[in-house]
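Here is the structure we will look at, set down as structure tokens.
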Amino acid sequence: MNLKLLDGKVVKTMALEGLKKLVNEIERPLGLTVIQVGDNASSNIYIKQKRKMAEFLGFNFNHIKLEDDVTLEEILKIIDELNNDEEVDGILVQMPVPEHLDSKVIQNAINPLKDVDGLTDINMGKLVHKKECLVPCTALGIMELLNYYNIPVISKNVVVVGRSDLVGRPVAELLINASATVTLCHSKTKDLASVTRGADILIVAVGKSRLITKDMVKDGAVVIDVGINKLEDRSLCGDVDFENVKDKCSYITPVPGGVGQMTVLELGFNTYKAYLLRHK
């Protein structure tokens, strides 16, 4: 089979150039603030990627790094100040946060018009009801990949493995809105393989190394692997057994270099959209 990679790096590079032109038309630099609690190694890497994107686009990037023992009240006070700062267009709290902090309370404290992660209850509800809103970046990135490579979704059987608020639920909603037939699987799904084998498009976002094997994918399927997992030898792999699955696919995302690239790109677009929503 003539395998084609869904190359997130290529899409990101091209799209960032177009976004930069749009951003340059605004009379002031856009402001993006990332709040981090603690010193999680993975979070440090993700924030570095976000800073690089923001600096390329000319954003004012503000990284607020707090100690592990910060209180919920202290974080909420910082968010309130950012909500009321007209120079701040986008706010996100880098996950995870320590267990003593309620992540949902923190997320919902963010002004929905500045919620560039798209995780407030208001934005999630608007997504379900097809209202204009800010949508989680990874879900947007998956849709952009499909669009860039001209992969149709109308009437396609799409299986999404994983039901997180960050990826599974929002991408399922976007696909339903795009007239796909969507099945959302999770840890309680019986005989997962029998479901995934029916997928024209298979999207996997569970954080389990090589969960999806060759026998779980039908010939010619499009496979989008959102997972990124570190192995004992410190190498990275996705939730899909890439080497054994790739020969059955028409398209597949590499890990790394696939969906992760798109997530950073869409954060830039969400910051731009957040500005527009507040300046209608």
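The values are calculated or read from the model by the stated rules, or taken from the named source; none is laboratory data. Predicted model, so just to flag it, every value in this text is computed and none were measured. As a convention, Cβ positions derive from the backbone with ideal geometry for all residues, glycine included, and neighbour counts pool all protein chains shown.
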### Query
What is the one condition in (1) modelled with pLDDT of 95 or more; (2) more than 24 Å from Tyr272 (Cβ to Cβ); (3) charged (D, E, K, R) that Asp39 does not satisfy?
(1)
### Task
Go through region 53-78 residue by residue and tally those that are part of a helix (DSSP H, G or I), under 23 Å from Glu17 (Cα atoms) and over 17 Å from the mean Cα position of the chain (by Cα).
3
### Query
What do you reckon, is Leu19 among the hydrophobic types (A, V, I, L, M, F, W, C), surrounded by 21 or more Cβ atoms within 10 Å (Cβ to Cβ), touching a Gly at 6+ places or on another chain (Cβ under 7 Å) and within 25 Å of Leu145 (Cα to Cα)?
no
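Looking at region 79-96, which of the residues that are among the acidic types (Asp, Glu) and assigned to a helix (DSSP H, G or I) is surrounded by the fewest Cβ atoms within 10 Å (Cβ to Cβ)?
The qualifying residue surrounded by the fewest Cβ atoms within 10 Å (Cβ to Cβ) is Glu81.
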#### Entry: Tabulated pairs, region 85-102, first of a type in the set (A, V, I, L, M), second at pLDDT 95 or above and in a strand (DSSP E or B), C-beta under 6 angstrom, 6+ apart or interchain
Val88/Gly31; Val88/Thr33; Ile91/Thr33; Leu92/Val34; Val93/Ile35; Val97/Val37
### Query
Is region 159-177 home to any residue that is surrounded by fewer than 16 Cβ atoms within 10 Å (Cβ to Cβ), over 19 Å from the mean Cα position of the chain (by Cα) and not assigned by TED's automatic domain parsing to the domain that holds Glu73?
no
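May I ask you to list the residues in region 23-43 that are loosely packed, with under 14 Cβ neighbours inside 10 Å and of a type outside the set (D, E, K, R)?
Asn24, Ala41, Ser42
Need at least 2 residues that are of a type outside the set (S, T, N, Q) and in contact (Cβ under 8 Å) with a residue 40 or more places away in the chain per element, so show me which strands (runs of 3 or more DSSP E) inside region 167-280 make the cut, counting only ones lying wholly within it.
201-204, 221-225, 249-252
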### Task
Run Val11 past the list (1) in a helix (DSSP H, G or I); (2) surrounded by fewer than 17 Cβ atoms within 10 Å (Cβ to Cβ); (3) among the β-branched types (Val, Ile, Thr) and report the number of the one that doesn't hold.
(2)
#### Entry: Test for Arg234: is it over 22 Å from Val158 (Cβ atoms), of a type in the set (Lys, Arg) and more than 22 Å from the chain's Cα centre (by Cα)
yes
### Filter result for Ile106 (at pLDDT 95 or above, in contact with a helix residue (DSSP H, G or I) (Cβ under 9 Å, 6 or more places away or on another chain) and outside any helix (DSSP H, G or I))
no
### Message
If I filter region 171-183 for residues that are at pLDDT below 95, out of contact with any Gly (no Cβ under 8 Å at 6 or more places or on another chain) and farther than 20 Å from Leu3 by Cα, do I get at least one hit?
### Response
no
### Query
So which pairs qualify, if the first residue must be in region 34-46 and closer than 24 Å to Asp89 by Cβ, the second must be part of a strand (DSSP E or B) and β-branched (Val, Ile, Thr), the Cβ gap must be under 6 Å, and the two must be at least 6 apart or on different chains?
Ile35/Ile64; Ile35/Val93
